[in-house]
1. I'd like the full set of residues that are loosely packed, with under 11 Cβ neighbours inside 10 Å and in contact (Cβ under 8 Å) with a residue 12 or more places away in the chain, limited to the range 29-48.
Amino acid sequence: MTHTINLEDTPLNMDVFRLASVEAFNSFIDKPKKLDTPCEFFRKNKLSSFRYKILEQGDVRLSVISPSGSEHYAIQRNFALAYIKLVRSYYSKKFDLNHEKRTNATC
């Protein structure tokens, strides 16, 4: 969220940095939504496969196969970080695909 501060009409003694810090604080007040558990995520999206593998470097590769047959995966240091990255990338790709379908349908 970006706010523009007009400095031309304000008095010279206005503390711009204080105003900016208040705006920044207000944008962090909303709590982020909790992620679904792996089981809820699996059931809600009707996934056909949920796999994880520990790679040679010690990283974790977590992957799912969507109902359309495409694979989504994430590689991170541990299972929790890989799961967070996987969920975010899955929903962002899912949203992008739905957005593309809507825009193509209106053309």
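1. The one that is loosely packed, with under 11 Cβ neighbours inside 10 Å and in contact (Cβ under 8 Å) with a residue 12 or more places away in the chain: 46.
Matching residues to (1) surrounded by 15 or more Cβ atoms within 10 Å (Cβ to Cβ); (2) at pLDDT 95 or above; (3) among the hydroxyl-bearing types (Ser, Thr, Tyr):
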{"site": "56", "(1), (2), (3)": "no, no, no"}
{"site": "64", "(1), (2), (3)": "yes, no, no"}
{"site": "78", "(1), (2), (3)": "no, no, no"}
{"site": "92", "(1), (2), (3)": "no, no, yes"}
{"site": "95", "(1), (2), (3)": "no, no, no"}
{"site": "100", "(1), (2), (3)": "no, no, no"}
{"site": "107", "(1), (2), (3)": "no, no, no"}
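The values are calculated or read from the model by the stated rules, or taken from the named source; none is laboratory data. These numbers were taken from a predicted model, which means no experiment stands behind them. All Cβ positions, even for glycine, are placed from backbone atoms using ideal geometry, and neighbour counts span all protein chains on display.
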